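What follows is calculated from the coordinates using simple rules that are stated; it is not laboratory data. Just so we're clear, the structure is a prediction, and the values are computed from it rather than from any experiment. For neighbour counting, all protein chains shown are included, and Cβ atoms are generated from backbone atoms with ideal geometry for every residue, glycine included.
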Amino acid sequence: MTKKNTSWGGRFTQSVSALASKFSSSIDVDSVLAEKDIIGSIAYAESLQEAGVINKSDLIKIKRGLNQIKKEIETGKFKWNPSLEDVHMNIESALEKKIGDSAKKLHTGRSRNDQVVTDLKLFLKDETKAIKKKIKDLQKNILNKAQKHYADLMPGFTHLQIAQPVTLGHHLLAYFEMLQRDSIRFENNEKTLNQMPLGVGALAGNRFAIDRPKLAKKLGFTDITRNSIDTVSDRDFVTDVSYSCSMLAVHLSRMSEEIILWSSSQFDYVQLPEELCTGSSIMPQKKNPDMAELIRGGSSQTLGSLVTTLSLMKNQSLSYNRDNQEDKEPLFKSINFIKDALEIMSEMIKGMSFNIKKMLHDLDLSEVGATDFAEYLVLKGVPFREAHEITGKIVKEAERKNLFIREFNLSELKKIHPKIEKDIYKFIDPKKAIHAKNSLGGTSPKKVKAAIIAAKKTVSS
Ligand code: ARG
């Protein structure tokens, strides 16, 4: 039997069983909230003093005690006690040991229900900022490569089949855009993260004159929550952050998939920095893209975490239920994975070099100018559907002869359509055709150059 819990021992004759204590303890997971818990408690103690609930001397002792505990935690001297359930009770109990009776007043009007949401929101506000910074670093690395290769040609793919020529710079900027949306998603999360929960009590509100707007400002929140019941039962913000992590992880996983494909000898589009690759213990020639594979594999966990937090909420009646304690492990796992994955991906992009020759060579593997051929006919007055049909037929004919359209001579081409002139060869040449894709957002080197300038502005602040 463990000792009777001092936070609620009055009502109990029995202490919680060792089994129940072990099952309900969350200290292994939530101790990372310690710093935020202490910041929140100090600010709350000041509000209690301003409300006349505790006196100045209590406040001084509470602050001193909590700051000492903070140092002990930072230096690894603090002894966490799993039987004290969670981070909140560990700190409260340590404070009582340090300063005695004044510590017993700190929890006046407060519940762990509003305390834990406050800690978690404070924590996520910081984590969101850190993730946004890492996204930006990755975007900058992508931009550097895009700038270098803004005019270099490669096959663009649909269905993983060579489709139309694009520039490598343009392809890379696609990832920049995906990451930009990720950044916006995390920024949007900040709106609800900025609503301060503290001061609503267990669920019903607080009878003591806690100035919540003032408390919010002190803790760096820009707003406060409006309904005490919702405040302690809401975990939307956990799911929101978890979703943002998942979407970002999906993007990083797609990047990884391309890195894995592109670094294979079949593609041979990219060389990865050696320090981010691994070898084989049996096959001496191997240089494996393990980091990319680990990002692709690890990203699955973030999707699992999202489903966990969503299903955690769906059957909960209002307001707080202990189920909520289960939100932290999946959330923290996602955040830790995302931060590591962003860093590794940045290093991978920074250190990779592209095989432009091979990309150019692959353009010749297919009838990559077929769409341009059809558009040539359109410019000669043929309706597009007809032009498509005509082009399709010549592609088939070329295939039968084991040739490409570009290898047909002009008289053969004129048989297909009399308006075809010798300028067709330049028109369907990827090196020329690329410049025609000049629409806003298109792949012409001119537009890619402009897109890079705009992208640079986006990440410069
Ligand atoms: N460790 C708990 C959690 O993470 C803190 C709140 C506990 N509240 C309670 N009434 N048992 O949700």
Q. How big is region 287-373 on each of its three principal axes, counting only the C-alpha atoms and giving the largest first in Å?
A. 64, 34, 18
(Q) As a footprinting exposure proxy, order Thr391, Thr192 by other Cβ within 10 Å, with the fewest listed first. (A) Thr192, Thr391
Q | Backbone HN-Hα couplings from phi across region 135-146 [Karplus 6.51/-1.76/1.60, Hz, Gly and Pro as x] | A | 4, 4, 4, 5, 4, 5, 5, 5, 4, 4, 5, 4
Q: Calculate, in nm to one decimal, what Lys357 and Lys104 gain on full extension: separation in residues at 0.36 nm each, minus their alpha carbon distance.
A: 83.8 nm
Q.
Within a 10 angstrom radius of the beta carbon, how do Trp8, Trp262, Trp80 rank from fewest other beta carbons to most?
A. Trp8, Trp80, Trp262
Q: Quick one: what are the phi-derived ³J(HN,Hα) couplings along region 128-133, Karplus 6.51/-1.76/1.60 with θ = phi - 60°, whole Hz, x for glycine and proline?
A: 4, 4, 4, 5, 4, 5
Q: Determine the gain in length on full extension of the stretch Gln316-Glu421; use 0.36 nm per residue of separation and subtract their C-alpha separation, reporting nm with one decimal.
A: 30.6 nm
Q: Please arrange Ile420, Ile356 by counting, for each residue, the other beta carbons lying within 10 Å of its beta carbon, fewest first.
A: Ile356, Ile420
Q) Which angle between 0 and 90 degrees, to the nearest 10, do you get for helix 56-74 versus the longest principal axis of the chain when only C-alpha atoms count? A) 50 degrees
(Q) Amide H of Asp152 versus every other amide H placed in the peptide plane: which residues, excluding those fewer than 5 positions away on the same chain, fall under 5 Å? (A) Leu168, Gly169
Q: Write down the Kirkwood hydrodynamic radius of region 77-208, to one decimal in angstroms, obtained as one divided by the mean of 1/r over all alpha carbon pairs.
A: 19.3 Å
Q. Which FRET efficiency, nearest 0.05, do Asn288 and Lys217 yield, Cβ-Cβ r, R0 56 Å?
A. 0.60
Q | Per-residue HN-Hα couplings for region 423-436 [Karplus 6.51, -1.76, 1.60; θ = phi - 60°; Hz; x = Gly/Pro] | A | 5, 4, 5, 5, 4, 9, 6, x, 4, 8, 4, 4, 6, 7
Q | Estimated 222 nm signal from helices in the chain, with DSSP H stretches of n ≥ 4 weighted -39500 (n - 2.57), rounded to 500 | A | -19500 deg cm²/dmol
Q. Taking 1 over the mean of 1/r across every pair of different Cα atoms in region 222-274, what Kirkwood radius in Å do you get?
A. 14.6 Å
**Q.** Theoretical gain in end-to-end length, Asp429 to Ser300 [0.36 nm per residue, Cα-Cα removed]
**A.** 42.3 nm
Q.
Beyond a 20 Å Cα-Cα separation, which of these cross-linked pairs lie in this structure: Lys148/Lys456; Lys104/Lys125; Lys357/Lys396; Lys105/Lys328; Lys22/Lys104; Lys22/Lys71?
A. Lys104/Lys125; Lys357/Lys396; Lys105/Lys328; Lys22/Lys104; Lys22/Lys71
Q. What angle do you read, to the nearest 10 degrees and between 0 and 90, between the alpha-carbon axis of helix 168-193 and the longest principal axis of the chain?
A. 20 degrees
Q | Those chymotrypsin sites (Phe, Trp or Tyr not before Pro) in region 149-229 that DSSP places in a loop and that have at most 12 other beta carbons within 10 Å | A | none
(Q) Test of the criteria: in region 81-182, which trypsin sites (Lys or Arg not before Pro) are in a DSSP loop and have at most 15 other Cβ atoms within 10 angstrom of their Cβ? (A) none
Q.
Using only alpha-carbon positions, what ratio does the radius of gyration of region 363-461 give when scaled by 2.2 N^0.38 Å?
A. 1.32
Q: For the chain, state the semi-axes of the equivalent ellipsoid (square roots of 5 times the eigenvalues of the alpha-carbon gyration tensor), sorted largest first and rounded to whole angstrom.
A: 62, 23, 19
Q | Cα-Cα separations in region 1-150 greater than 19 Å, expressed as whole percent | A | 61 percent
Q: May I ask for the Rg/Rh ratio of region 168-261, computed from Cα atoms with Rh as the Kirkwood radius, given to two decimals?
A: 1.21
Q: Enumerate the whole-percent occupancy of each 5 Å bin, from 0 to the last occupied one, for all C-alpha pair distances of region 372-414.
A: 6, 24, 29, 25, 13, 3
